[in-house]
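> Below is the structure I would like to discuss, written out as structure tokens.
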Amino acid sequence: MQRLDHHNHQLLDAVTAGSKGPVCVAVSGGSDSLSLLNLAEAWTEKSRRELLVLTIDHGLRPEAADEACWVADLARSRGIRVEILTWSPDKRSQNAARQARHSLLAEAARRAGASVVLLGHTLTDVVETLLMRLMRPARLAGAVGPQPVSVSPVWPQGRGIMLARPLLNLRREDLATDLRGQGQSWINDPSNDADYYERGRIRKLVNALDPARLERICFDAMRLRAIEDLQLSRFLTNRVRVDQSGLIEANVQHIEASPAVRARFLDILLQAASGASQGAAAPSVSALAETVFDDGPKSRVTLGGAWVQRRGNSLLMGRDPGEARKGWTGGVWDGRYVGRGAVADIPVLQASDLPFLVRDSAPDEPAREIISDRLVHWSRALMLSARFSAVMTLDR
């Protein structure tokens, strides 16, 4: 376990390098998140970083409020600052809960001046997710998840927030055994194993299969995904430029990559151009990617709230004016611009200076684009994820 702890600490070092403020740890009270808290505490002994525990009263079960208080008391007993986040669900689906959870975590991290949130996903989660996705049409590399490092999936609330999962090389049952050895209790959520959720049914399937073989498949998938992530990180760094107005220009000449990687590249650019949290439907993105890398489209087409046009070796992209959310929310305009006072000593573009390609989808008052910041952040997350996917699968 000592070698694994070393790799896990390396991940924390890398993902927090250059950041300020506390490092946030999402703790539900389950065995996975308490193991994460233990790891983070051990890491702070040498890093001397401050931890902030974030726990959510999700309101989905009557016990939720008491469980959040239990986590808060545990954190305070260890001298760790803690914040209880409350969600009042209007929808009770797992997807709605996931989006709400990430929004709450991202907003709390930003309030605290943090840029990293640690999550307690394990190798067991990777196995379960792979099986869930492979039950639908999916590539092996595309089915693996969660990743060691990723950007926050909510935008613009999660701008500048990196998510790290340092326990992906460890099994849930091994972590639970370790906690028992320390005399540490934890909270069991019965909904995790309920048959009415897909993951609960998958967990029963996993128990009936060969765990060693499943893990080998997962590690193979993680390595394949790491190759793709590294390619994408380099494409975003070396082939994409965003001018001061927010117009995206990507050099798409001679991109040596699989159709799947090209589609992922285009999907990231579409999300950045539209200021959205989620991309368009995968079949539509794949179809447009084929056109883009086959010297088209010659005239502007729209997808996922963005327009796309090929000019020679360049792909130009911008916001579809008809879908722009024309207003300021939390200091952000349509997920793509911040106001004059948001960042000091950086040129602010006047509305009169905007080129016609973006003029109708930009604010009328002085603002600065944050599309380039988002792409730089995305590139770094992909690079770190590729690096530590490879590290976590060594000798496995």
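> Residue-wise, which Karplus ³J(HN,Hα) couplings in Hz belong to the stretch 152-160, taking 6.51 cos²θ - 1.76 cosθ + 1.60, θ = phi - 60°, and x for glycine or proline?
With coefficients 6.51, -1.76 and 1.60, one gets 4, x, 10, 9, x, 4, x, 5, x Hz.
> Using the Karplus equation 6.51 cos²θ - 1.76 cosθ + 1.60 (θ = phi - 60°), what ³J(HN,Hα) coupling, rounded to whole Hz, does each residue of the stretch 294-301 give in order, writing x for Gly and Pro?
With coefficients 6.51, -1.76 and 1.60, one gets 10, 6, x, x, 6, 10, 5, 10 Hz.
> Report the relative contact order of the chain, percent, no decimals, based on alpha-carbon pairs under 8 angstrom and at least 6 residues apart.
Reported as a whole number, the value is 16 percent.
> Taking 8 Å as the Cα distance limit and 6 or more residues as the minimum spacing, I'd like the relative contact order of the stretch 6-157 as a percentage.
Rounded, it is 27 percent for the stretch 6-157.
> Which whole-number value in Å² is the accessible area per residue of the chain, probe 1.4 Å?
Ligands and nucleic acids excluded, the result is 46 Å² per residue.
> For the stretch 82-166, what mean projected area does the convex hull of the alpha carbons give, in nm²?
The number I arrive at for the stretch 82-166 is 6.7 nm².
> How do 177-188, 141-152 rank on mean C-beta neighbours within 10 Å, highest first? Spell out each step's value before the answer.
Values: 177-188: 12.8, 141-152: 21.9.
Descending packing order for the listed peptides: 141-152, 177-188.
> Out of all DSSP beta bridges in the chain, what portion is antiparallel? Express it as a percent rounded to 5.
DSSP beta bridges in the chain are roughly 65 percent antiparallel.
> In 5 Å bins starting at zero, report the fraction of Cα pairs in the stretch 352-396 per bin as a rounded %.
For the stretch 352-396, the pair-distance distribution reads 5, 17, 15, 12, 11, 9, 8, 7, 6, 5, 3, 1.
> In Å, what is the Rg of the alpha-carbon atoms in the stretch 130-261, and how long is Dmax?
Reported Rg and Dmax, both Å: 19.4, 59.
> Which ³J(HN,Hα) values in Hz, rounded to whole numbers, follow from the phi angles of the stretch 239-250 under the Karplus curve 6.51 cos²θ - 1.76 cosθ + 1.60, where θ = phi - 60° and Gly and Pro get x?
So the Karplus estimates, Gly and Pro as x, are 10, 10, 10, 10, 7, 4, 7, x, 7, 8, 10, 10 Hz.
> Evaluated at 25 °C with a viscosity of 0.890 mPa s, what Stokes-Einstein diffusion coefficient in µm²/s does the stretch 1-140 have when Rh comes from the Kirkwood expression over alpha-carbon pairs?
Stokes-Einstein gives a translational diffusion coefficient of 151 µm²/s.
> Run the numbers on the stretch 189-265 and let me know its relative contact order in percent, using alpha-carbon pairs under 8 Å that are six or more apart.
Taking the mean separation of contacting Cα pairs over the length of the stretch 189-265, I get 18 percent.
> Now a separate question. Can you list residues whose amide H is under 5 Å from Trp155's amide H, if they're 5+ apart or on another chain and H is modeled 1.01 Å from N?
Ser277
> Also, quick follow-up: Taking the Cβ of Ala280 as the center, what net charge do the other residues with Cβ under 13 Å away carry, scoring Lys and Arg +1 and Asp and Glu -1?
Spelling it out: positives minus negatives among the neighbours equals -2.
> I would also like to ask the following. Over the Cα atoms of the stretch 212-266, each weighted equally, I'd like the Debye log10 I(q)/I(0) at q = 0.13, 0.28 Å⁻¹, rounded to two decimals.
Each listed q maps to, in turn, -0.44, -1.10.
> Grab the other residues whose beta carbon is less than 14 angstrom from that of Ile371, score K and R as +1, D and E as -1, and report the net.
Numbers: positive: Arg159, Arg241, Arg319, Arg336, Arg368, Arg374; negative: Asp243, Glu249, Asp334, Glu369, Asp373.
Taking every Cβ under 14 Å from that of Ile371, the sum is +1.
The values are calculated or read from the model by the stated rules, or taken from the named source; none is laboratory data. On a predicted model such as this, the values are computed, not experimentally measured, just so you know. Positions of Cβ are generated from backbone atoms using ideal geometry, with glycine treated the same way; all protein chains shown enter the neighbour counts. The protein model used for the area step is the full one, side chains on, heavy atoms only, and it has no ligands, DNA or RNA in it. Shrake-Rupley method; radii C 1.70, N 1.55, O 1.52, S 1.80 Å.
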